[in-house]
Every structure is written in structure tokens, then in C-alpha cells.
Amino acid sequence: MKRVILLWHAEQPVGVCVFGTPAASLTLRTQHFGLTDPRSSLALRALNEQLWVLTRVVLHPTYRGAGIAAGFVRRACELCPVPWVETLTAMGRANPFFERAGFVRVGVIDKRGGKGGAYTTRRTGADPHRFSEPVYYVRDNRK
């Protein structure tokens, strides 16, 4: 975990954003940034210095739908001392709030056949639709 940012209303914490370190390799990240050797020690060091992952966003149920989540996430990202923030979300198809927070939708992690970067899926007769295919977002935090 790199940083935790709380959203307060008076004396009550009502939201949290959790930032962490990125996975060593993600196909959509490699394509988006044009990386040639994303697992080299130099690339991994640069990755950890320049990019964080927004791993969790939680807003108290009372405050959901009030239009504050995008602003909270935007401000939380602005407080991070890195030029890039990425996130993966299964809800990206249903709710575009990450776009309102300044993220750009890069693509969807396609896990069919075990492809898609850091993810693999074992099909052992289970329903293939039960595994989500998250949307990958990147935010340019240099602005």
C-alpha cells in the first residue's frame, strides 16, 4: 500500500481511496505506454517511481449517487506524487465515473483463453460469464 486518502464529512469518514504498487506486467499498459521490455529491472524501477494503482474506492452508501465520487477520486489522484495512476474496474462498463474523475479508458482485459496480461482464467467447467473482464483506465496526473 502506497497511500490511503479519506473523505470526511464533519467528524465522519465517508470515503476512502487506496493506492498501491502496480503489477509487474499488464498487456494493456505495455501497449498504451509503448513499453518494449516491461519486466526488465530498469522498467520495473521506473514503473514503481512513476505509476501507482488506485486499488480501492469506497464511498459510504448514504453518499452514493450524490455526485461526489468523481471529484473525490480526482482530488485523491492529484495528491499522489506520481505522474500516472491506473485502475482496473469491473464496473467500468456500467458506470463511467472514472472518466469523470479524469481517467482515460484504455481497454478491456480479455481473459478468454488466459490472455490479457496479469490475469489468467482456469476454465474447469464453470460458467464462463462469472469471471469479470475489467476495464483498464489510466490517468495522466502531470496536469
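None of the figures in this text is laboratory data; all of them are computed from the coordinates on show. Given the structure is predicted, the values throughout are model-derived calculations rather than measurements. Note: ideal-geometry Cβ built from the backbone for every residue, glycine included; neighbour counts use all protein chains shown.
Summary of values
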| read-out | value |
| --- | --- |
| Leading residue by the ranking (farthest from residue 76 (Cα to Cα)) among those in the stretch 3-16 that are free of Cβ contacts under 8 Å to residues at least 60 places away in the same chain and surrounded by 16 or more Cβ atoms within 10 Å (Cβ to Cβ) | 14 |
| Residue pairs meeting the criteria (Cβ under 6 Å; at least 6 apart or on separate chains; first touching a residue at least 12 places away in the same chain (Cβ under 8 Å), in the stretch 43-72; second of a type in the set (Gly, Ala, Ser) and surrounded by fewer than 17 Cβ atoms within 10 Å (Cβ to Cβ)) | 53/20; 55/20 |
| Filtered residues of the stretch 19-42 (kept if β-branched (Val, Ile, Thr) and in contact (Cβ under 8 Å) with a residue 40 or more places away in the chain) | 27, 30 |
| Residue within the stretch 31-52 that is more than 15 Å from the chain's Cα centre (by Cα), assigned to a helix (DSSP H, G or I), of a type outside the set (S, T, N, Q) and within 15 Å of residue 138 (Cα to Cα) present | yes |
